[in-house]
Every structure is written in structure tokens, then in C-alpha cells.
1. Exactly one of (1) in a loop (DSSP other than H, G, I, E, B); (2) modelled with pLDDT of 95 or more is unmet by Thr30. Its number?
2. Could you say which residue among Gly39, Gly89 is of a type in the set (Gly, Ala, Ser), over 17 Å from Gln144 (Cβ atoms) and in contact with a Phe, Trp or Tyr (Cβ under 7 Å, 6 or more places away or on another chain)?
3. Looking at the structure I just gave you, is Leu13 at pLDDT 95 or above, surrounded by 15 or more Cβ atoms within 10 Å (Cβ to Cβ) and under 24 Å from Gly116 (Cβ atoms)?
4. Considering every residue within the stretch 95-103, establish whether at least one is touching a helix residue (DSSP H, G or I) at 6+ places or on another chain (Cβ under 6 Å) and either within 25 Å of Ile4 (Cβ to Cβ) or at pLDDT 95 or above (or both).
5. Can you pull out the residues in the stretch 14-25 that are within 21 Å of Asn111 (Cβ to Cβ) and touching a residue at least 24 places away in the same chain (Cβ under 8 Å)?
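The values are calculated or read from the model by the stated rules, or taken from the named source; none is laboratory data. Here the structure is a predicted model, which is why all the values come from computation and not from measurement. Here the Cβ positions follow ideal geometry from the backbone for every residue, glycine too, while neighbour counts run over all protein chains shown.
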Amino acid sequence: MDLILYKERPPELIEALGEVWRCSVEATHTFLSGEDIDGLAPLVKDALGEIPVLVGAEINGIPAGFMGIADGKIEMLFLSPDYAGQGTGRRLVEEALRTYGVRYVDVNEQNPNARGFYEHMGFEVVERLPLDEQGNPFPILKMQLFS
């Protein structure tokens, strides 16, 4: 697996990463309806083009996952379900910590696997917000790395 900093983000890359996002969310965000996911998809694609740092995990040139970083915070990290549990997420987070000085991440409270993963990586919950960024009733856990 190769970690790649995506400086250029052509439409075909955004589409491929958007598909990784959709597959990941459908597998892990069981609290979202299909309508919710469809509504979020254009916002995600816009964010993929605008996030300051976008790092992909590729296997044989095919995206297996990606991570977006802004202002010392992991803003997005999604893995293809085919590569979950194989160290891909760990490698991305380790890169975020080592290269980009990341200390923060937000997770959906209704996604306990994500919370557990980040706690395993050393993050701690510091705040709970009752609504997500779009104002939906999907609580957000703000997490911070202290060490």
C-alpha cells in the first residue's frame, strides 16, 4: 500500500474517492438512510476538492481509503470496506500525526467502531455536540490527542 498526497485532484479522482466514501459510509454509518447518504455525497465531493491536505491509500494504483486534514484536524477518513481492519486506517492516522501534526478528530457518536479506533490510536473524547455540522440529530464526539 502506498500513501499519496493528492496535490492535483482531477474529476476522476474525486469520483473514485467519492465511491470509497459511499461504500465506507454504507458499511459503517448504519444510522444514515440512503436519502441522507445521497444528500451528503455532493458535499463530500466538494470537500474532497477543497480540503487543504488530501492523502490517499492506494493499492496497485486503486484508492483503498483517504484522509483529509485541515488545521491540525482529521476532517475525514474513510476506507473501502475491503480494506478495513488491515492497518490502512492506522497508517493514515500515523501519517497525519507524524507529518501534519494532527491532534484533533470528530466522530459520529453513532459510529462506535470509529470512536474505538481513534481511542486505540490515543485520542480522547473532550466534548459531545448533539447535532452534526448540517444541523442533523447525529451527535458528534470531539476527540483530542494529548500525548
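1. The one condition Thr30 does not meet is (2).
2. The match here is Gly89.
3. Against the criterion (at pLDDT 95 or above, surrounded by 15 or more Cβ atoms within 10 Å (Cβ to Cβ) and under 24 Å from Gly116 (Cβ atoms)), Leu13 does not qualify.
4. So far as the stretch 95-103 goes, yes, one or more of its residues are touching a helix residue (DSSP H, G or I) at 6+ places or on another chain (Cβ under 6 Å) and either within 25 Å of Ile4 (Cβ to Cβ) or at pLDDT 95 or above (or both).
5. Scanning the stretch 14-25 gives Leu17, Gly18, Val20, Trp21, Cys23, Ser24, Val25.
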